[in-house]
Amino acid sequence: AAAPAAGDTDAASTGSVSIFERDPVESLAQALRDKQRELDEREKEMNRTEQRLLTLRKEIELNLAAIEARLKQMEEIAGKADKNRQTEISKWIEIYQSMAPEQAGKVFDGLDPAFALELLSEMEPKKAGKILGYVQTDKAIELGKALKERRL
């Protein structure tokens, strides 16, 4: 056998393996094992992500249920407050409708316009009209316009 020429190296003596000397089946098997490890890691990460999402979903559902319960409580409280306010308004309406229109008109002069409007809008129209006849002209005009808009 001829001795290697200068500059030539023997693959077996250097310990390196050229691509031509590798077993193609072993190379393919190693590539498949590497790919399987990569896929296993991706699957583990997806499972962790799915668990986090499920946990977040449960938290959101619990929070939503708590919000809905609180909203229901608030609606009940608002309903009671509205009912109490309407009862109070009804009492004031009874008082003012039972007064002489001249006296009620003087009282309405000093009332907050929004409150006066609320009372007048709930009163019997004839009684409200009589009371407005004794309210200061500027305020009566303002209340009359507001009543008209409210009833339209």
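A few comments on the model shown:
- Selection status of Met123, hydrophobic (A, V, I, L, M, F, W, C) and open to solvent by 90 Å² or more (accessible area, probe 1.4 Å): no
- Residues that are farther than 21 Å from Ser90 by Cβ and not aliphatic (A, V, I, L, M) within the stretch 111-152 comprise Gly133, Tyr134, Gln136, Thr137, Asp138, Lys139, Glu142, Gly144, Lys145, Lys148, Glu149, listed in sequence order.
Okay, residues lined up against (1) of a type in the set (Gly, Ala, Ser); (2) more than 39 Å from the chain's Cα centre (by Cα):
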{"site": "Gln97", "(1), (2)": "no, yes"}
{"site": "Ala100", "(1), (2)": "yes, yes"}
{"site": "Ala104", "(1), (2)": "yes, yes"}
{"site": "Asp109", "(1), (2)": "no, yes"}
{"site": "Leu117", "(1), (2)": "no, no"}
{"site": "Lys130", "(1), (2)": "no, yes"}
{"site": "Gly144", "(1), (2)": "yes, yes"}
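- Put simply, of Ala66, Ala81 the only residue that is among the hydrophobic types (A, V, I, L, M, F, W, C), free of Cβ contacts under 8 Å to residues at least 40 places away in the same chain, part of a helix (DSSP H, G or I) and under 26 Å from Ala114 (Cβ atoms) is Ala81.
- Residue in the stretch 58-67 that is surrounded by 10 or more Cβ atoms within 10 Å (Cβ to Cβ), at pLDDT below 95 and either in contact with a Ser or Thr (Cβ under 7 Å, 6 or more places away or on another chain) or polar (S, T, N, Q) (or both) present: no
- Tally of residues being in contact with a Gly (Cβ under 8 Å, 6 or more places away or on another chain) and open to solvent by less than 40 Å² (accessible area, probe 1.4 Å) across the stretch 126-143: 4
The values are calculated or read from the model by the stated rules, or taken from the named source; none is laboratory data. Here the structure is a predicted model, which means the values were calculated and not measured. Glycine gets a Cβ as well: all are built from the backbone with ideal geometry, and neighbour counts include every protein chain shown. These area figures cover heavy atoms from the full protein model, side chains too; ligands, DNA and RNA do not enter into them. Shrake-Rupley method; radii C 1.70, N 1.55, O 1.52, S 1.80 Å.
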